[in-house]
1. Tell me, please, whether a residue that is assigned to a helix (DSSP H, G or I), small (Gly, Ala, Ser), modelled with pLDDT under 95 and more than 17 Å from residue 6 (Cβ to Cβ) can be found in the range 43-52.
2. Tell me, which residue of the range 73-94 that is more than 21 Å from residue 24 (Cβ to Cβ) and at pLDDT 80 or above is surrounded by the most Cβ atoms within 10 Å (Cβ to Cβ)?
3. Would you check if residue 44 is over 30 Å from residue 121 (Cβ atoms) and among the charged types (D, E, K, R)?
4. Is at least one residue of the range 61-69 surrounded by fewer than 16 Cβ atoms within 10 Å (Cβ to Cβ), at pLDDT 85 or above, assigned to a helix (DSSP H, G or I) and among the acidic types (Asp, Glu)?
5. Taking into account only those residues within the range 99-123 that are without any contact (Cβ under 8 Å) to a residue 40 or more places away in the chain and touching a Gly at 6+ places or on another chain (Cβ under 8 Å), which is farthest from residue 59 (Cα to Cα)?
6. Any chance you could count how many residues in the range 2-50 are in contact with a His (Cβ under 9 Å, 6 or more places away or on another chain) and either of a type in the set (Gly, Ala, Ser) or within 22 Å of residue 116 (Cβ to Cβ) (or both)?
Amino acid sequence: MHPAILLRRTKRSAHLSVGFAVGIATLAGALGVALYGPYRDTLKQPIFAGSPAVGYIFERKEHLAFGAILFAWAGTVAYLGARQGGSPHEPLRKAAHWAFIASAGFALLSAVMGTIVASYKTF
């Protein structure tokens, strides 16, 4: 959410915030990919057998997490593109702002859904 707050003003610089935001989102996604194999082998079937609704929540959580990473990268690309100057500077900065808002929203929903699943069953 930090880059979204900083980029409300289109003239403000947010290099470090944008870099950390996309880096943390990408790292979290990579860790999720690394955990997916053990999850699929150990927990997926028992979760779906015990509560299909919780199983579907986990599946949707994965999609939202991917969306959070995608929007973080889209915001980063828009931010970097706006740094090049020229006439599209203002629209690209606004696009970066809105992309980081979307990324934060998707990440928050994904975290809430992940907490629901973890409270139901974990490793």
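The values are calculated or read from the model by the stated rules, or taken from the named source; none is laboratory data. Values in this document were obtained by computation on a predicted structure and should not be read as measured data. Positions of Cβ are generated from backbone atoms using ideal geometry, with glycine treated the same way; all protein chains shown enter the neighbour counts.
1. Looking through the range 43-52, at least one residue is assigned to a helix (DSSP H, G or I), small (Gly, Ala, Ser), modelled with pLDDT under 95 and more than 17 Å from residue 6 (Cβ to Cβ).
2. Only one residue tops the list, namely 93.
3. So residue 44 does not fit the description; no.
4. Looking for residues that are surrounded by fewer than 16 Cβ atoms within 10 Å (Cβ to Cβ), at pLDDT 85 or above, assigned to a helix (DSSP H, G or I) and among the acidic types (Asp, Glu), one finds none in the range 61-69, hence no.
5. 99
6. 4
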